[in-house]
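J.: To start, I am sharing the structure in question, which I have written as structure tokens.
The values are calculated or read from the model by the stated rules, or taken from the named source; none is laboratory data. From a predicted model like this one, the values you see are computed outputs, not experimental measurements. Heads up, the Cβs are rebuilt from the backbone with ideal geometry, glycines too, and the neighbour counts pull from every protein chain shown. Accessible surface areas use protein heavy atoms only, side chains included; no ligands, DNA or RNA. Shrake-Rupley method; radii C 1.70, N 1.55, O 1.52, S 1.80 Å.
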Amino acid sequence: MDYKQFPAVAIVILNWNGEKYLAQFLPSDISHSTNCTIYVVDNNSTDNSVQYVQEHFPAVKLMQHQQNLGFCEGYNQALRQIKAEYYVLLNSDVEVTANWINPLLTLMQSQPAMAACQPKVKSYHQRSYFEYAGAGGGFLDRLGYPFCRGRLFQSIEKDEGQYNDTIPVFWASGACLLVRAAAYHQMAGVEPAFFAHMEEIDLCWRLQNHGYQIWYCGQSEIYHVGGGTLPTSNPRKTFLNFRNGLALLYKNFSGKNFYLILFTRILLDWMAAIKFLVGGQPADGAAVLRAHVAIWRNRSYWQKKRSEQKLVKKANPRGLYSGSIVFDYFIGQKRNFRELNSAKFSTR
């Protein structure tokens with residue numbers, strides 16, 4: 001299918017019980033996104049989201065799912081029906097800024113091999129600081145742990161212009177992700193079994209395996225509330241992050257010492273569970289264990305997915321870090337991206 005025949009940009013906002021965010025951020029989405037078609041895809045909300053959009057934003061195209069399909073399948077099913085050359089997957093709790101879309105589009109159009117890119121993601125509540133979900137572009141360490149420029153675990157950097165550049169990265173943030181429609185559908189969208197969380201990292205990994213590039217654009221800036229659907233500290237979120245993090249590694253990693261790396265990840269996850277328990281968060285500790293049980297129970301599915309990825313002739317991905325971010329952060333006490341060994345990052 002030639003996606004260039006369709007309207008250039010569709011901004012697609014997946015919503016579940018987010019009426020307050022729609023009221024807060026849709027006006028800026030509309031005013032700062034000229035020549036773009038804006039969609040709100042409702043995941044069977046039980047609040048007044050649908051009626052609110054219909055009454056206050058009649059120009060916004062509204063799509064409704066009959067059940068809560070989660071982030072992944074909610075987007076997949078909607079985007080199969082939306083015809084555009086480019087999609088922007090935009091969280092409902094994001095405030096865009098003036099001229100945010102043009103630098104992203106200019107970058108995308110200048111790089112034919114690029115499949116996806118993200119803007120600078122900053123905190124809505126602490127506006128001079130980066131935000132957890134994407135910050136200054138995403139990377140992946142040798143154990144499959146994701147991290148960002150501007151954010152290592154819970155250490156968040158102040159934006160002082162240090163990441164105003166434009167560079168290739170390993171993954172781009174799902175809070176605001178510009179992606180070529182053709183590439184998205186070539187990958188069959190985001191992994192539906194993830195439901196939510198880390199789906200953009202998996203998508204970017206698969207895109208890179210197929211020879212595409214992922215980029216960060218520091219000339220575009222947005223502000224993200226974060227935790228709009230699930231708060232930062234939530235056992236359900238802990239479950240999804242640990243389950244999807246292990247599945248992400250299992251289905252996509254094909255390098256040397258795979259089983260040693262997988263065993264190390266499982267061991268570190270158990271250490272995290274113990275830390276939760278000792279720290280008075282037993283529900284989060286139990287969520288880690290349930291995540292591992294869920295992987296085991298669904299192992300035939302993940303084995304199939306791994307087999308499919310093994311058939312792909314792998315490109316050399318950018319944005320891989322040959323060190324361990326866990327070791328560097330907790331043992332080496334490195335709290336800033338620029339303190340990491342730059343020689344350990346893949347650039348081609």
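J.: Is it true that Leu143 is farther than 17 Å from Ala183 by Cα, open to solvent by less than 50 Å² (accessible area, probe 1.4 Å) and in a loop (DSSP other than H, G, I, E, B)? Walk me through how you get there before you give the answer.
T.: Details: farther than 17 Å from Ala183 by Cα: yes; open to solvent by less than 50 Å² (accessible area, probe 1.4 Å): yes; in a loop (DSSP other than H, G, I, E, B): yes.
For Leu143, the condition - farther than 17 Å from Ala183 by Cα, open to solvent by less than 50 Å² (accessible area, probe 1.4 Å) and in a loop (DSSP other than H, G, I, E, B) - is met.
J.: Could you count how many residues in segment 304-329 are at pLDDT 95 or above, more than 9 Å from Asp141 (Cα to Cα) and either open to solvent by 50 Å² or more (accessible area, probe 1.4 Å) or assigned to a loop (DSSP other than H, G, I, E, B) (or both)?
T.: 2
J.: Sticking with this one: Do we find that Phe263 is farther than 24 Å from Phe71 by Cα, in a helix (DSSP H, G or I) and at pLDDT 95 or above in this structure?
T.: yes
J.: Answer yes if at least one residue in segment 102-119 is in a strand (DSSP E or B) and of a type in the set (Ser, Thr, Tyr), and no otherwise.
T.: To start, the set of residues in segment 102-119 that are in a strand (DSSP E or B) comprises 114-119.
Of the ones still in play, those that are also of a type in the set (Ser, Thr, Tyr) are none.
No: segment 102-119 contains no residue that is in a strand (DSSP E or B) and of a type in the set (Ser, Thr, Tyr).
J.: Further, regarding this structure: Suppose we filter Ala196, Ala182, Ala135 for residues that are under 25 Å from Cys36 (Cβ atoms) and open to solvent by less than 10 Å² (accessible area, probe 1.4 Å); which single one remains? So that I can check it myself, show each step before the final result.
T.: Values: Ala196 fails: open to solvent by less than 10 Å² (accessible area, probe 1.4 Å); Ala182 fails: open to solvent by less than 10 Å² (accessible area, probe 1.4 Å).
Only one candidate passes the filter, namely Ala135.
J.: Further question: May I ask you to list the residues in segment 108-131 that are open to solvent by 50 Å² or more (accessible area, probe 1.4 Å), in contact (Cβ under 8 Å) with a residue 24 or more places away in the chain and within 25 Å of Tyr86 (Cα to Cα)?
T.: Across segment 108-131, the qualifying residue is only Gln111.
J.: Okay, next question. Return the only residue of Leu79, Leu62, Leu89, Leu104 being among the aliphatic types (A, V, I, L, M), over 23 Å from Pro168 (Cβ atoms) and buried (at least 20 other Cβ atoms within 10 Å of the Cβ).
T.: On the way: Leu62 fails: buried (at least 20 other Cβ atoms within 10 Å of the Cβ); Leu89 fails: over 23 Å from Pro168 (Cβ atoms); Leu104 fails: over 23 Å from Pro168 (Cβ atoms).
Of the residues listed, the single one that is among the aliphatic types (A, V, I, L, M), over 23 Å from Pro168 (Cβ atoms) and buried (at least 20 other Cβ atoms within 10 Å of the Cβ) is Leu79.
J.: What number goes with the only condition from (1) on the phi > 0 side of the Ramachandran plot; (2) in contact with a helix residue (DSSP H, G or I) (Cβ under 6 Å, 6 or more places away or on another chain) that Phe276 does not pass?
T.: For Phe276, the exception is condition (1).
J.: Condition first: within 22 Å of Trp16 (Cβ to Cβ) and either touching a residue at least 40 places away in the same chain (Cβ under 8 Å) or assigned to a helix (DSSP H, G or I) (or both). Can you find one or more residues in segment 202-213 that meet it? Spell out how you get there, then give the answer.
T.: Within segment 202-213, the first condition is being within 22 Å of Trp16 (Cβ to Cβ), and the residues that meet it are 202-203.
Subsequent filtering for residues that are either touching a residue at least 40 places away in the same chain (Cβ under 8 Å) or assigned to a helix (DSSP H, G or I) (or both) retains 202-203.
Within segment 202-213, one or more residues are within 22 Å of Trp16 (Cβ to Cβ) and either touching a residue at least 40 places away in the same chain (Cβ under 8 Å) or assigned to a helix (DSSP H, G or I) (or both).
J.: Of the residues Ala283, Ala272, which single one is under 23 Å from the mean Cα position of the chain (by Cα) and more than 20 Å from Glu191 (Cβ to Cβ)? Spell out the reasoning first.
T.: Details: Ala283 fails: under 23 Å from the mean Cα position of the chain (by Cα).
On inspection, the qualifying residue turns out to be Ala272.
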